[in-house]
């Protein structure tokens, strides 16, 4: 039986640049989809791959995206 050591989660994960650049307030960290959609400021999560990397696919989010896909996929 091997005894592998498990790393602490804080040693494995790295904080995203927008997190380390903020003051830690909820308003600073909360991402605004309005900013991404209307491009009022340059936001990194405007890129689909980045947004996918940082977003937990909750049941409500999956449901929302399925409704969007269904509407976009029909006439």
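The values are calculated or read from the model by the stated rules, or taken from the named source; none is laboratory data. Predicted model, so just to flag it, every value in this text is computed and none were measured. All Cβ positions, glycine included, derive from the backbone under ideal geometry; neighbour counts span all protein chains shown.
Descriptive notes on the structure:
- Looking across the stretch 36-54, not a single residue is in a helix (DSSP H, G or I), touching a helix residue (DSSP H, G or I) at 6+ places or on another chain (Cβ under 9 Å) and surrounded by fewer than 10 Cβ atoms within 10 Å (Cβ to Cβ).
- Meets criteria (out of contact with any helix residue (DSSP H, G or I) (no Cβ under 9 Å at 6 or more places or on another chain) and at pLDDT below 80) for residue 31: no
- Test: residue in the stretch 55-75 that is at pLDDT below 75, more than 12 Å from the chain's Cα centre (by Cα) and loosely packed, with under 10 Cβ neighbours inside 10 Å: yes
- Summed over the stretch 18-28, the residues that are at pLDDT 70 or above, in a helix (DSSP H, G or I) and surrounded by 10 or more Cβ atoms within 10 Å (Cβ to Cβ) give a count of 2.
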